[in-house]
Ligand code: FPP
């Protein structure tokens, strides 16, 4: 069977040695829906539910940073009704996040170019980000109209503009300074990037930040991804030896 696989018996995970930052490409919603003869929007709705469960669970286990790829700069190519359905799910989630903020205590932020979004959705993103800024133990980042290449261009333009304005000198550019122009400024790079659904590619996700990330792939589609799968990914990560180019 290709889908709905049960996770294997749980391997022990050392919760005291969690990665600091996990990033997830929430893939496989469409295939999950097709196999159930549902519209693609049904797959995204199930995917949004998985996101709620995984975000809650990462907070419970004490993960500091969770980032999810919700909508890429390329996803506008999808049929309008599918794009509208994803935007509706985001709006529903953000309304809920605003309502339950005190209970959840999660800081939420958005990475990407929000300018083409519907002004109401954009205002909601800004409101959620602003009102949740006081919670700093668990940080959830939603990549929305995000593309790694677009982010690099945005950063390069920002730095060039500061040079043109006399605030910076081209010669002072370092990795750290460049990082401060990225959407992800101030947030540690992801330690672990998870991609469900069997695909094994980065798809323009966190290109700069993924330089030394560990990857974990699973055949399970995102709507079927449970906390057991997350723990399996963390366990696999804990068995890796990270050398960052050293020995
Ligand atoms: C990729 O699967 C998924 C997306 C492009 C959309 C992800 C959106 C959500 C999970 C819902 C909204 C999110 C939040 C944070 C509430 P795919 O459609 O490419 O799947 P396929 O490759 O099987 O077709």
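Read-outs: derived from the displayed coordinates by stated rules, not from any lab. No experiment lies behind these values; they were computed from the predicted model shown. With ideal geometry, Cβ positions are generated from the backbone for all residues, glycine too; neighbour counts draw on all protein chains shown.
List of remarks:
- Label point of residue 201 set 7 angstrom out along Cα-Cβ; within region 8-48, amide nitrogens under 19 Å from it belong to 24-32.
- Rg [Å, one decimal], Dmax [Å, integer] - the chain, C-alpha atoms: 18.4, 61
- Region 60-176 - percent relative contact order, Cα under 8 Å, separation 6 or more: 38 percent
- Descending by average beta-carbon neighbour count within 10 Å, the peptides 12-20, 54-62 line up as 54-62, 12-20, the highest first.
- Among 204-217, 126-139, the order from most to least packed when residues are scored by Cβ within 10 Å on average: 204-217, 126-139
- Rel. contact order, % - alpha carbon contacts under 8 angstrom, at least six apart, the chain: 31 percent
- Taking the average, over residues, of other Cβ atoms within 10 Å as the packing measure, peptides 73-79, 241-247, 44-50 rank 44-50, 73-79, 241-247 from highest down.
- Residue 131-residue 157 pseudo-label distance in nm [points 7 Å out on the Cα-to-Cβ vector]: 3.1 nm
- Calculated [θ] (222 nm, deg cm²/dmol) that DSSP helices of n ≥ 4 give over the chain, each run adding -39,500 (n - 2.57): -12500 deg cm²/dmol
- For the pair residue 164 and residue 247, label points projected 7 Å from Cα toward Cβ lie 4.9 nm apart.
- Rounded Å value of the spacing that divides the Cα centres of region 84-101 and region 175-247: 25 Å
- Label point of residue 96 set 7 angstrom out along Cα-Cβ; within region 34-55, amide nitrogens under 14 Å from it belong to 44-55.
- Where only C-alpha atoms are counted, convex hull volume of region 61-100 per residue in Å³: 90 Å³
- Shape call, region 112-247: gyration tensor on alpha carbons, a/c limit 1.5: oblate
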